[in-house]
Amino acid sequence: MENKVIESTLEGILFTAGEPLECSRIAMAIGCSEQEVDQAAARLGDFYRYEQRGIRLVKLERSYQLTSAPEHADAIRRALETRKPPQLSPALLEVLSIIAYFQPTTRGYIEQVRGVSSAYSVNTLLERGLIEECGKLSVPGRPTLFQTTKLFLKTFGLSSLEDLPSLPESGEEKQGGEKK
């Protein structure tokens, strides 16, 4: 199949979907390989950035989505008269960070790390779609496991969890890299 046809079809699918679509699903719909979809997405993404278009093609793990260009967010918000989403409190950010770095994880583990109850924070993050349940731990009581969502990646401008910054090393270090 010709590259321009794949790009055009991919663009139409993503525009219409309005949400992330798996690469495999797109490839099946177009009738080409996932590699061809990846290549077409890269070309389209480069075109939108180079031409300074108002949209971006975003990769979220193995999915793609068309979004508005971040530099136009204020104008888009004003035009659509939408309110800014509520900011995340320090407690919500702390819980979200624990889940992001140690997922899948349980509420018990989060509370152990924080030293306080985290039920409200976990429920708030679930309601906002930044985390989701992803199974049960195979121990007595079968606690629920939580992981981050694609909305989490999108909200924080990440393509995958590998894009998270590294955690600082534990323990204080002296000059020269020796631990105390």
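Is it true that some residue in segment 79-93 is assigned to a helix (DSSP H, G or I), farther than 30 Å from Lys136 by Cα and not hydroxyl-bearing (Ser, Thr, Tyr)?
yes
Going by the conditions given, is Arg53 out of contact with any helix residue (DSSP H, G or I) (no Cβ under 6 Å at 6 or more places or on another chain), in a loop (DSSP other than H, G, I, E, B) and among the basic types (Lys, Arg)?
Answer is yes for this residue.
With the requirement that a residue be closer than 19 Å to Leu167 by Cβ and basic (Lys, Arg), what does segment 101-141 give you?
Within segment 101-141, just Arg114 meets the criteria.
If we scan segment 128-145, do we find a residue that is closer than 27 Å to Gly18 by Cβ, open to solvent by 40 Å² or more (accessible area, probe 1.4 Å) and of a type in the set (S, T, N, Q)?
no
Can you list residue pairs whose Cβ atoms sit under 6 Å apart, with the first residue in segment 125-147 being of a type in the set (Gly, Ala, Ser) and at pLDDT 90 or above and the second being in a strand (DSSP E or B) and crowded, with 17+ Cβ neighbours inside 10 Å? Count only pairs 6 or more apart in sequence or on different chains.
Sorted first by the residue in segment 125-147, then by its partner, the pairs are Gly135/Leu145.
Testing Val58 on (1) touching a Lys or Arg at 6+ places or on another chain (Cβ under 8 Å); (2) in a helix (DSSP H, G or I), one condition comes back false. Which one is that?
Among (1) touching a Lys or Arg at 6+ places or on another chain (Cβ under 8 Å); (2) in a helix (DSSP H, G or I), Val58 violates only (2).
Go over the candidates Ser63, Ser33, Ser89, Ser8 one by one and state the one that is under 17 Å from Ser159 (Cα atoms) and either modelled with pLDDT of 95 or more or of a type outside the set (Lys, Arg) (or both).
When all the criteria are applied, what remains is Ser63.
When the residues of segment 1-33 are narrowed to those that are without any contact (Cβ under 8 Å) to a residue 24 or more places away in the chain and open to solvent by 80 Å² or more (accessible area, probe 1.4 Å), which ends up farthest from the chain's Cα centre (by Cα)?
If we take residues in segment 1-33 being without any contact (Cβ under 8 Å) to a residue 24 or more places away in the chain and open to solvent by 80 Å² or more (accessible area, probe 1.4 Å), then Glu2 is farthest from the chain's Cα centre (by Cα).
Answer yes if at least one residue in segment 101-115 is at pLDDT below 90, open to solvent by 50 Å² or more (accessible area, probe 1.4 Å) and among the small types (Gly, Ala, Ser), and no otherwise.
no
The values are calculated or read from the model by the stated rules, or taken from the named source; none is laboratory data. Model, not experiment: these values are computed from the prediction. Neighbour counts are summed over all protein chains in view; Cβ atoms, including those assigned to glycine, are modelled from backbone coordinates with ideal geometry. Side chains are part of the model used for accessible areas, which takes the heavy atoms of the whole protein and leaves out ligands, DNA and RNA. Shrake-Rupley method; radii C 1.70, N 1.55, O 1.52, S 1.80 Å.
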